[in-house]
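The values are calculated or read from the model by the stated rules, or taken from the named source; none is laboratory data. As the structure is a prediction and not an experimental result, all values here were calculated from the model. Cβ sites come from the backbone with ideal geometry, for glycine too, and all protein chains shown count toward neighbours. Ligands, DNA and RNA are stripped out before the accessible areas are found, and what is left, the full protein with its side chains, is counted by its heavy atoms. Shrake-Rupley method; radii C 1.70, N 1.55, O 1.52, S 1.80 Å.
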Amino acid sequence: MKYPVNEVFETIQGEGFYTGVPAIFVRLQGCPVGCSWCDTKHTWELLDVNKVQPEMVIQVDGTIGRWSELTTSELISFLKQKEFTASHVVITGGEPCLHDLTAMTEEFNDAGYSTQIETSGTFEIHCSEKTWVTVSPKLKMKAGLAVLPQALKRANEIKHPVATASHIDDLDELLNGIDLKGKTICLQPISQKPRATELAMRVCIERNWRLSIQTHKYLDID
């Protein structure tokens, strides 16, 4: 199976449960959710005019929505050619769960990589049992897509973007009736503004949740 890949690069995971872990990011093209604060809007559209040769996406490029079709075997081959040393693969987007990721994650796992998916939760999640699933719920976005119960049930981590108290209320409503046993709940300030950070810190302390800071933005890395 081939996947529309926007970019592949090695860095440090900057947020959530795996903060600080060396990681290879595999960013897939395509996303219909429409988050106003999205910092990868170039991944939204899958346009034929932007299709390129596979080797052109094995690097960072946050400017245009170029993409190429690659199989997981081809991806693994490129990782070895580039001599990437990280053993943790983060499949992100765009919205990666537009695709059935079972074969991709199983093949990465079989090759010795741990896998993580970063998703909005608006599409069903299909992946290997070993894959760590981070659902960052996107509520009341432009497209009006609902966060699916199946996605919340499969999630190992629920990482919620926060700017105001209403975002906490939205999360409480979303999680009502969801079994949270064994799940990591993270609050992540949408911006680096003190108000959002202080709110997230206070609620995390009150509820014994986890604070997720986008450390890659402070470190100025991808």
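Observations on the structure shown:
- Condition broken by LEU70, with the remaining ones in (1) in contact with a Ser or Thr (Cβ under 7 Å, 6 or more places away or on another chain); (2) open to solvent by less than 10 Å² (accessible area, probe 1.4 Å); (3) touching a residue at least 60 places away in the same chain (Cβ under 8 Å) satisfied: (1)
- If you go through the stretch 196-213 and pick out every residue that is open to solvent by less than 70 Å² (accessible area, probe 1.4 Å) and closer than 14 Å to PHE17 by Cβ, you end up with 5.
- Number of the condition not met by GLY34 [criteria: (1) closer than 12 Å to GLY93 by Cα; (2) open to solvent by less than 20 Å² (accessible area, probe 1.4 Å); (3) modelled with pLDDT under 95]: (1)
- Looking across the stretch 123-140, the residues that are open to solvent by less than 30 Å² (accessible area, probe 1.4 Å) and aliphatic (A, V, I, L, M) come down to ILE125, VAL133, VAL135.
- Selection count where residues are over 12 Å from the mean Cα position of the chain (by Cα) and not hydroxyl-bearing (Ser, Thr, Tyr), scope the stretch 118-133: 7
- Count of the stretch 162-186 residues which are more than 23 Å from GLN150 (Cβ to Cβ) and in a strand (DSSP E or B): 1
- The set of residues from the stretch 31-58 being acidic (Asp, Glu) and within 18 Å of PHE9 (Cα to Cα) comprises ASP39, GLU55.
- Put simply, of GLU106, GLU83, GLU10 the only residue that is in a strand (DSSP E or B) and surrounded by fewer than 19 Cβ atoms within 10 Å (Cβ to Cβ) is GLU10.
- The set of residues from the stretch 13-31 being open to solvent by 20 Å² or more (accessible area, probe 1.4 Å) and not aromatic (Phe, Trp, Tyr) comprises GLU15, THR19, GLY20, VAL21, PRO22, ARG27, CYS31.
- Here GLY94 fulfils each of the conditions (1) modelled with pLDDT under 95; (2) surrounded by 16 or more Cβ atoms within 10 Å (Cβ to Cβ); (3) among the small types (Gly, Ala, Ser); (4) more than 13 Å from the chain's Cα centre (by Cα) apart from (4).
- Just one of (1) closer than 22 Å to PRO32 by Cα; (2) open to solvent by less than 30 Å² (accessible area, probe 1.4 Å); (3) outside any loop (DSSP other than H, G, I, E, B) fails for GLN150. It is (2).
- Enumeration of residues in the stretch 54-80 that are farther than 24 Å from LYS138 by Cβ, part of a loop (DSSP other than H, G, I, E, B) and among the aliphatic types (A, V, I, L, M): ILE58
- Comparison of LYS138, LYS159, LYS142 shows that the only residue that is under 30 Å from ALA200 (Cα atoms), over 17 Å from the mean Cα position of the chain (by Cα) and charged (D, E, K, R) is LYS142.
- When the stretch 109-119 is limited to residues that are open to solvent by 10 Å² or more (accessible area, probe 1.4 Å) and either in a strand (DSSP E or B) or in contact (Cβ under 8 Å) with a residue 12 or more places away in the chain (or both), the one that is nearest to LEU180 (Cα to Cα) turns out to be GLU118.
- Residue in the stretch 153-172 that is of a type in the set (S, T, N, Q), in contact (Cβ under 8 Å) with a residue 60 or more places away in the chain, open to solvent by 40 Å² or more (accessible area, probe 1.4 Å) and farther than 26 Å from ASP100 by Cα present: no
- Every pair of residues 6+ apart whose Cβ atoms lie under 7 Å, when the first sits in the stretch 76-98 and is farther than 17 Å from SER114 by Cα while the second is among the charged types (D, E, K, R) and surrounded by fewer than 17 Cβ atoms within 10 Å (Cβ to Cβ): CYS97/GLU124
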